[in-house]
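Chemist: Sharing a structure below in structure tokens format, with a few things to ask.
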Amino acid sequence: MMKMSSKNSLESTVLQPILKVGKGYTILALFLLSVVLLGVFAFLTQLSQGLAATAMRDKIFWGIYIVNFVFFIGISHAGTLISAILRVTNAGWRTPITRMAEMITVVAIMVGATQILFDQGRPDRIFNLFLYGRYQSPLVWDLLSISTYLVGSCMYLYLPLIPDLALCRDRLAGQASRFKLAIYRVLAVGWTGAPEQKKLLERAISVMAIIIIPIAISVHTVVSWVFSMTLRPGWNSTLFGPYFVIGAIFSGIASIIIVMAIFRKIFHLEQFLEEKHFLKLGTLLAVTNLAYIYFTLAEYLTMGYKLAGEDKELLTMLFAGSQAPAFWAFLVLGLFVPLFMVVNKKTRNIPGLVVASALVNVGMWIKRFVIVVPTLQVPLLPFDVGIYRPTWVEWSLTAGSFAGFALLFMLFARIFPIMSIWEVREELETEKEKETEKVIEVPAQPQPKWTEVFPAKREEAR
Amino acid sequence: MNMRICLVALFMALLGALSPTGAAFAAGDGSGDAVAAGKQLFSTKCAMCHGAAGDKVPGARLASPEWLSNKGDDGVIQAISKGKLPMMPAQGKAQGGTLSDDDIKAIARYLWNAAGISPEARGADTAQVSPVQSANVDKLNSANTEAVQVAVAPSLSLVAPTNWYRGAEGALSASLTTGAGQPMKGENITFYLDYDFFIGLDSGRVSDSIEIGRAVTDENGMARLKYAPRLAGDLKFEARYAGVTGTNGTVQSGVLVSTAAGKIEDDGHRFYRSDAGIPMPSLVHYSLVETPSLSPAAPFKHLTDLKLPALILGLLIAGIWFTYVRIAYGILRISRVYAMSHVHSTKESFEQTRFFLPVLLMVVLAIFALTLLSIIFTSPDTHLNLR
């Protein structure tokens, strides 16, 4: 079915949301906007009252802002890391997915970095990080790594967009608004599809795809080091770097599945986002799920066997104490139920995967809460256990952040093609070529797929 | 507190090495059978602790006329037969030792003789020691020097530092000399701590020597070991010199042991104050976190600090951001391809729109990269107040 789809139907399907959207889109956007405005109001309240408007106090000094921060930075791995890995390993099925994944990355980092602004209480002091930051501090490692990742992700999103932007510039002339056309014209930087341009672009994309992988890994490693460079119970772990990275990829894949399902539905992309794409991502989800279960076991078993220092208090709180509901919810609903759903044949379909992914994301948010808050509750001095119950300000900012995440995504889809048209087209052509080769029984020449993308390159290869 | 020095030398000479050692007391006007027998007995029974020259035990200066005179004839005999616990075991047969009364007297006579004091002067006051007798002491010493040429037992003495705190580093120094007092260079000294393995248990003391380190003697015959004791209180340290490598032309074997008591005080916190950073060999001085110093430092004094990690991190960040700028330049080249093929048909302003984005991108990326790099490279000097 896919190979039958013509060039025009691909273009029109993908470009459709840019030109015209339904009523549902507008209603949803307005709803999200109102939630964002609630968040803005909460932020203004927090600005005027200071962090006293939150439940963070001397003992629990990191709350759900930091939970959100870790969560969004984790989601951001969806994108760039997965799309880059799939690109480098030359997985042909990736083409309809990469754009959305990369969009998730960029939006998630932006929203994630904003959480730091909320958590600061005095956002004007963020510049102190630049003025007085010392690289001896893990917080400055965060600054270096996340800003590098954000810029890298934007470029990695932008580069494959160039041919599509040129397409928009050419095809939508007279249809789209002047503003949009101006954006396309500037961002397309005069792309004409000339062989030399393709060569340049191809080289830039492959460089970015390779360089972005270690940067993405460094980001979540450094985020985890903010915790594990301390002697706090539960944070004092050498495992945290890889544990966080795997967790980020895990929740990132779940996010892609959810976003894909939503876009497939509202923008009618069923023709391109087939079930096989979901199932392949489902396999990746199951693999990272198993890895995360393994890491979780390794983390808690080694800690619980030794019970050094305050670990006993922490683990008691997690396993059977006040945080037990959160901990077991994460473990059962966030890890084992999704794994079962992905593995089980009956639920191994698009709705099943979407439910599993939603559970994974909820579970991973809870997991970040379980990492951040209970550790701070354990007193290091002979005091009572700390208590943390987020206020409406914190919940509103959290809701606003999630709404903002979705809204930014929707706005993005209104301006830019949500699927990489030229890459999908090349992939379709490759498949078609293979089909014809089979028919005339000519042994298929094993060729790297990227050479198919650029005829010039193919000439060289031959 | 003065240094508390306790010097006890033990030379467990093998038989072959024993007979020449006896030459140490061969000087003086000693003659006659009793003195010769005493000399023989001394070398086999006493020299192992007291040294061939009788000067190894500070509390018993057997070669000193003053010391002998203070003791008196009877005192010396009593000391040998009944011993001086804890260090000196009783030697008299009546006390379970191996020496008969005659043997003891012979040894005593030999000692007096070697010290150059006549039998008449024994038991007399110190004042009675005449200059002539002192001169004999010199003669004794010079005789020792001559004896080196034969082969003299080396001597080892260990000194523990004073004002020593738990957890603080102090230097144990052992000096190794030939019997004649010549420093021995390049010899291996092993240091031990007499350690009680079951501190606080009532059921007896289970202790042994644990090795705490090794050092090689320098040209002054000194071997120093830096050691930070983990225990407070009175500790016993030991230096051992096993065998001789023959550097000084002497061939000896056996083990020389010297012990020293160290009084370790506990000031409560020093032991747990860890250093900031790990000292690693490098071209420049740096540590990950600097130790704050109390004295105000001149600005930029610490520019060399923290340089290496900053350099590594800076190069990494610079490399990544340079790649970004390079890719932005690639985008510029993409737009140039367009400009070259369309220059005849487009307006100038249009062209500028093409170049605008890539150039802006390059500039912004470069500025951001420089900002991040400046954070890294100014890191050591942002908090001068902490110095």
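The values are calculated or read from the model by the stated rules, or taken from the named source; none is laboratory data. Treat the numbers as computed from the prediction; the structure is a model and nothing was measured. Neighbour counts run over all protein chains shown; Cβ positions are idealised from the backbone, glycine included.
Chemist: Taking A:Leu297, is it on the phi > 0 side of the Ramachandran plot and without any contact (Cβ under 8 Å) to a residue 40 or more places away in the chain? Please lay out each step first, then the result.
Modeler: Details: on the phi > 0 side of the Ramachandran plot: no; without any contact (Cβ under 8 Å) to a residue 40 or more places away in the chain: yes.
Considered against the rule, which asks whether it is on the phi > 0 side of the Ramachandran plot and without any contact (Cβ under 8 Å) to a residue 40 or more places away in the chain, A:Leu297 comes out as no.
Chemist: When you check A:Ala173 against the structure, is it assigned to a loop (DSSP other than H, G, I, E, B), at negative phi and surrounded by fewer than 22 Cβ atoms within 10 Å (Cβ to Cβ), yes or no?
Modeler: Answer is yes for this residue.
Chemist: Being free of Cβ contacts under 8 Å to residues at least 12 places away in the same chain, of a type outside the set (Gly, Ala, Ser) and more than 14 Å from every other protein chain (Cβ to nearest Cβ) is the requirement here; does A:Leu86 meet it?
Modeler: no
Chemist: Would you check which residues across the stretch A:129-144 are in a helix (DSSP H, G or I) and either more than 20 Å from B:Tyr324 (Cβ to Cβ) or more than 9 Å from chain B (Cβ to nearest Cβ) (or both) and list them?
Modeler: At the first step, the residues of the stretch A:129-144 found to be in a helix (DSSP H, G or I) are A:129-132, A:138-144.
Hits for the stretch A:129-144 are A:Leu129, A:Leu131, A:Tyr132, A:Pro138, A:Leu139, A:Asp142.
Chemist: Something else: Just give me the residues in the stretch B:16-39 being at pLDDT 50 or above and surrounded by fewer than 18 Cβ atoms within 10 Å (Cβ to Cβ), in sequence order.
Modeler: Our first condition is that a residue be at pLDDT 50 or above; within the stretch B:16-39, this holds for B:32-39.
Matches in the stretch B:16-39: B:Gly32, B:Asp33, B:Ala34, B:Ala36, B:Ala37.
Chemist: Return the residues of the stretch A:381-432 that are closer than 30 Å to A:Arg232 by Cα and assigned to a helix (DSSP H, G or I); say none if nothing qualifies. Step through it out loud before you land on a result.
Modeler: First, the residues of the stretch A:381-432 that are closer than 30 Å to A:Arg232 by Cα: A:381-399, A:401-402.
Listed by number, the residues that qualify are A:Trp392, A:Val393, A:Glu394, A:Trp395, A:Ser396, A:Leu397, A:Thr398, A:Ala399, A:Ser401, A:Phe402.
Chemist: Regarding the stretch A:116-135, can at least one residue be identified that is of a type in the set (S, T, N, Q), touching a residue at least 60 places away in the same chain (Cβ under 8 Å) and under 28 Å from A:Val373 (Cα atoms)? Before the answer, list the steps.
Modeler: Going residue by residue through the stretch A:116-135, those that are of a type in the set (S, T, N, Q) are A:120, A:128.
Now drop any that are not touching a residue at least 60 places away in the same chain (Cβ under 8 Å), which leaves none.
Checked the stretch A:116-135: no residue is of a type in the set (S, T, N, Q), touching a residue at least 60 places away in the same chain (Cβ under 8 Å) and under 28 Å from A:Val373 (Cα atoms).
Chemist: Which residue is farthest from A:Ser153 (Cα to Cα), if the candidates are limited to the stretch A:56-108 and must be buried (at least 24 other Cβ atoms within 10 Å of the Cβ) and polar (S, T, N, Q)?
Modeler: Looking at the filtered set, the residue picked out is A:Asn68.
Chemist: Under 21 Å from the mean Cα position of the chain (by Cα) and surrounded by fewer than 23 Cβ atoms within 10 Å (Cβ to Cβ): does that describe A:Ile210? Write out each step before concluding.
Modeler: Values: under 21 Å from the mean Cα position of the chain (by Cα): yes; surrounded by fewer than 23 Cβ atoms within 10 Å (Cβ to Cβ): yes.
So A:Ile210 fits the description; yes.
Results for (1) within 14 Å of another protein chain (Cβ to nearest Cβ); (2) assigned to a helix (DSSP H, G or I); (3) not hydrophobic (A, V, I, L, M, F, W, C), shown as yes or no for each residue.
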position: A:Val207; (1), (2), (3): yes, yes, no
position: A:Ile210; (1), (2), (3): yes, yes, no
position: A:Pro214; (1), (2), (3): yes, yes, yes
position: A:Thr221; (1), (2), (3): yes, yes, yes
position: A:Arg232; (1), (2), (3): no, no, yes
position: A:Trp235; (1), (2), (3): no, no, no
position: A:Pro242; (1), (2), (3): no, yes, yes
position: A:Ile256; (1), (2), (3): no, yes, no
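Chemist: Which helices (runs of 4 or more DSSP H) sit wholly inside the stretch B:49-153 and have at least 3 residues that are at pLDDT below 65?
Modeler: Values: elements: B:65-82, B:101-115, B:131-148.
Because the criterion is at least 3 residues that are at pLDDT below 65, the helices (runs of 4 or more DSSP H) in the stretch B:49-153 that meet it are B:131-148.
Chemist: Kindly evaluate A:Thr391 against the criterion of being within 19 Å of A:Phe41 (Cα to Cα) and buried (at least 20 other Cβ atoms within 10 Å of the Cβ). Steps first, answer last, please.
Modeler: Values: within 19 Å of A:Phe41 (Cα to Cα): yes; buried (at least 20 other Cβ atoms within 10 Å of the Cβ): no.
So A:Thr391 fails the test.
Chemist: Tell me which residues, restricted to the stretch A:167-185, are within 14 Å of chain B (Cβ to nearest Cβ) and under 26 Å from the mean Cα position of the chain (by Cα).
Modeler: Correct list: A:Ile183, A:Tyr184.
Table: residues versus (1) touching a helix residue (DSSP H, G or I) at 6+ places or on another chain (Cβ under 8 Å); (2) at negative phi; (3) touching a residue at least 24 places away in the same chain (Cβ under 8 Å); (4) crowded, with 18+ Cβ neighbours inside 10 Å.
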| residue | (1), (2), (3), (4) |
| --- | --- |
| A:Ala324 | yes, yes, no, no |
| A:Asn349 | yes, yes, yes, no |
| A:Val355 | yes, yes, no, no |
| A:Val373 | yes, yes, yes, yes |
| A:Ala406 | yes, yes, yes, yes |
| A:Ala413 | yes, yes, yes, yes |
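Chemist: Checking the condition modelled with pLDDT of 75 or more, of a type in the set (D, E, K, R) and in a strand (DSSP E or B), which residue from B:Arg224, B:Arg230 passes?
Modeler: On the way: B:Arg230 fails: in a strand (DSSP E or B).
None of the others qualify; the one that does is B:Arg224.
Chemist: Give the residue that is nearest to A:Thr54 (Cα to Cα), with candidates limited to residues of the stretch A:118-128 that are in a helix (DSSP H, G or I) and modelled with pLDDT under 90. It would help to see each step written out before you state the result.
Modeler: Looking only at the stretch A:118-128, we keep the residues that are in a helix (DSSP H, G or I), and these are A:118-120, A:123-128.
Of the ones still in play, those that are also modelled with pLDDT under 90 are A:120, A:123-128.
Details: A:Gln120: 12, A:Pro123: 15, A:Asp124: 18, A:Arg125: 18, A:Ile126: 19, A:Phe127: 23, A:Asn128: 23 Å.
For the stretch A:118-128, the residue satisfying everything is A:Gln120.
Chemist: Considering only the stretch B:310-328, how many residues are more than 9 Å from chain A (Cβ to nearest Cβ) and either within 9 Å of B:Leu361 (Cβ to Cβ) or touching a His at 6+ places or on another chain (Cβ under 8 Å) (or both)?
Modeler: Final tally of qualifying residues: 1.
Chemist: Being of a type in the set (Phe, Trp, Tyr), within 13 Å of chain B (Cβ to nearest Cβ) and assigned to a helix (DSSP H, G or I): is that true of A:Tyr158 here? Walk me through how you get there before you give the answer.
Modeler: Details: of a type in the set (Phe, Trp, Tyr): yes; within 13 Å of chain B (Cβ to nearest Cβ): yes; assigned to a helix (DSSP H, G or I): yes.
Here the answer is yes, as A:Tyr158 does meet what is asked.
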